[in-house]
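The next block holds one structure in the form of structure tokens; read it before the comments.
The values are calculated or read from the model by the stated rules, or taken from the named source; none is laboratory data. Here the structure is a predicted model, which is why all the values come from computation and not from measurement. Every residue, glycine among them, receives a Cβ derived from its backbone with ideal geometry; neighbour counts consider all protein chains shown. What goes into the accessible areas is simple: the full protein's heavy atoms, side chains included, and nothing from ligands, DNA or RNA. Shrake-Rupley method; radii C 1.70, N 1.55, O 1.52, S 1.80 Å.
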Amino acid sequence: MTQPGGGFLCLAGCHRAVNPAMLISPFIRMLRVMSDHHGASEAQTVSLPEPPCSLTVLSLLSLVVGVVAGALCGGFRWCLEQADSVRNAWSLHALHGFPAGLLLVAGGAVMALISAWMVRRLAPLASGSGIPHVEAVLAGMAQPAPFRLVPVKFLGGVLAIGGGLALGREGPSVQMGATAANAIGRFVRLGADDCRSLLAAGAGAGLATAFNAPAAGAIFVLEELVGRFNPRTACSALGASVAAILMARAMLGGAPDFVVPDFPVIPQVLPQFLFLLTGLVTGLLSVVYNRTLLATLRLSERAAMSVEVRAALIGALGGLIVWLAPHVAGGGDWLTQNAINNTLTWQILPFLFVVRLLFGALSYAAATPGGLFAPMLALGALVGLGCGDIAHVLAPGLVHGTMPFVVVGMSAMFTGAVRAPLTGIVLVVEMTNASNLLLPLLAGSFAAMFVADGLKEEPIYTALRNRVSLDER
């Protein structure tokens with residue numbers, strides 16, 4: 001007979017004999033399989049690329065980007081023009097004598113110090129040109145800059161360049177345009193590829209606004225920033241550059257950056273050899289420019305001082321130059337225009353070139369916002385003027401003016417340093433309205449690129465980007 005409760009005792013005994021984990025382990029395994037399957041599906045969903053928007057939508061957004069970039073970079077350019085006017089007025093009149101001129105030295109130091117402090121504390125990516133960072137973002141090597149970079153780049157650039165440092169407006173304009181475009185793309189929830197296209201378009205719009213050169217802005221995107229032709233990027237760059245120029249011209253006017261007298265077309269063959277020689281000389285000096293800039297950066301980083309102190313010392317030097325020779329300070333547009341006008345004597349050209357070369361490299365080492373294009377073009381103009389003077393002495397029958405040599409020198413210096421000949425040629429043509437000099441520009445740019453590549457010189461923006469990559473390792 002079975003005792004009362006025997007079944008229960010038997011079940012209890014069985015329960016004590018069996019490990020509970022053995023009973024629930026099948027359920028655990030099933031849950032794990034389901035969880036893994038769900039996680040894999042979720043990861044697959046996340047990794048799927050978002051579908052691109054239509055070209056029509058992207059084009060309309062590029063117009064919005066252009067309007068924003070044109071207003072932002074046009075305002076930046078206007079502030080720099082006002083700062084140049086005030087700085088020159090003070091240095092030539094109110095603060096021209098001693099000891100009043102010491103205020104210019106102190107002011108340059110303080111402005112550079114504040115600019116470098118803002119960059120280091122608020123937006124480190126705002127240091128320098130910003131174009132190498134934009135290229136790194138488009139190559140997938142870096143993340144886009146946060147929007148707080150824009151006010152730091154704007155105000156820091158006005159302080160540094162307005163204080164007299166030999167820096168250009170185009171680098172900050174390119175990076176601010178790219179950052180604003182990326183913010184717009186993220187706001188409307190574009191996919192990653194479309195955000196990159198819009199970012200590139202914003203960068204081109206910034207360059208177009210900086211130099212009043214819409215075609216150069218679009219070509220710069222394809223030739224330098226992206227490095228390949230993409231229809232969506234090309235369309236975005238064109239739309240953004242056109243919209244930016246219309247906005248900027250409504251604010252600043254539409255005249256070319258430099259006033260160039262009418263010059264007849266040069267169809268003869270022999271003068272082209274002189275432009276070819278000018279390109280060879282300028283290409284060699286573009287290599288000197290690149291190496292001087294990189295060597296100055298290396299030496300400044302080894303100095304036992306903070307970034308702010310270094311910027312203050314370089315800013316003080318800029319203030320001293322503003323006091324003694326105000327037109328030699330800043331981006332260099334005055335030098336370029338006077339080289340075009342042939343109002344600089346040949347005896348002073350080597351001195352001006354060396355001063356601007358060293359001062360420009362030191363200015364970039366201050367780690368404040370500022371670009372390289374405008375100082376580079378000024379150096380090319382000085383070289384072109386020198387080559388034109390020499391050509392006039394050696395072959396007076398072939399040379400009827402130095403202006404073509406100056407324009408060729410500008411394009412050749414840009415081509416040799418940046419290794420972007422199409423951008424350099426179109427940029428100089430739009431800045432000077434000298435389209436009849438296309439053949440000399442082609443000859444000079446070819447020669448400059450031939451020399452730079454033959455000397456195995458790395459393009460300046462590639463070298464700057466590689467420096468950052470090595471520092472991060």
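The rows are residues; the columns are (1) of a type in the set (A, V, I, L, M, F, W, C); (2) closer than 13 Å to Ser363 by Cα; (3) surrounded by fewer than 19 Cβ atoms within 10 Å (Cβ to Cβ).
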{"position": "Leu277", "(1), (2), (3)": "yes, no, yes"}
{"position": "Leu293", "(1), (2), (3)": "yes, yes, no"}
{"position": "Arg298", "(1), (2), (3)": "no, no, yes"}
{"position": "Arg310", "(1), (2), (3)": "no, yes, no"}
{"position": "Ile314", "(1), (2), (3)": "yes, yes, no"}
{"position": "Ala329", "(1), (2), (3)": "yes, yes, no"}
{"position": "Trp334", "(1), (2), (3)": "yes, no, yes"}
{"position": "Asn342", "(1), (2), (3)": "no, no, yes"}
For the subset of the range 80-104 comprising residues that are within 20 Å of Leu167 (Cβ to Cβ) and open to solvent by 30 Å² or more (accessible area, probe 1.4 Å), which member is nearest to the chain's Cα centre (by Cα)? Glu81
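Yes/no matrix, rows are residues, columns are (1) at pLDDT below 95; (2) surrounded by fewer than 22 Cβ atoms within 10 Å (Cβ to Cβ); (3) outside any helix (DSSP H, G or I):
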site: Gly384; (1), (2), (3): no, no, no
site: Gly401; (1), (2), (3): yes, yes, yes
site: Phe405; (1), (2), (3): no, no, no
site: Leu438; (1), (2), (3): yes, yes, no
site: Lys456; (1), (2), (3): yes, yes, yes
Restricting the search to the range 345-366, which residues are open to solvent by less than 20 Å² (accessible area, probe 1.4 Å) and either hydrophobic (A, V, I, L, M, F, W, C) or out of contact with any helix residue (DSSP H, G or I) (no Cβ under 8 Å at 6 or more places or on another chain) (or both)? Leu349, Leu352, Leu357, Phe359, Ala361, Ala365, Ala366
Quick one: which helices (runs of 4 or more DSSP H) lie wholly within the range 206-302 and hold at least 3 residues that are modelled with pLDDT of 90 or more and farther than 30 Å from Ser59 by Cβ? 270-302
Restricting the first residue to the range 223-240 and requiring it to be more than 23 Å from Tyr461 (Cα to Cα), which pairs with a second residue that is in a loop (DSSP other than H, G, I, E, B) and open to solvent by 10 Å² or more (accessible area, probe 1.4 Å) meet a Cβ separation below 8 Å and a spacing of at least six or different chains? Arg232/Pro52
Residue among Ala210, Ala203, Ala181, Ala216 that is in contact (Cβ under 8 Å) with a residue 40 or more places away in the chain, small (Gly, Ala, Ser) and out of contact with any Leu (no Cβ under 7 Å at 6 or more places or on another chain): Ala210
Counting only residues that are outside any helix (DSSP H, G or I) and among the aliphatic types (A, V, I, L, M), which one in the range 386-398 is modelled with the lowest pLDDT? Leu398
Pair list, Cβ < 7 Å and 6+ apart or interchain, from the range 414-426 residues that are on the phi > 0 side of the Ramachandran plot and charged (D, E, K, R) to residues that are open to solvent by 10 Å² or more (accessible area, probe 1.4 Å) and not in a helix (DSSP H, G or I): Arg419/Pro459
Quickly run through the range 177-192 and pick out the residues that are in a helix (DSSP H, G or I) and out of contact with any helix residue (DSSP H, G or I) (no Cβ under 8 Å at 6 or more places or on another chain). Ala183, Phe187, Ala192
Being part of a helix (DSSP H, G or I) and out of contact with any Cys (no Cβ under 6 Å at 6 or more places or on another chain): is that true of Val174 here? yes
Just to be sure, is Ile425 aliphatic (A, V, I, L, M) and surrounded by fewer than 22 Cβ atoms within 10 Å (Cβ to Cβ)? no
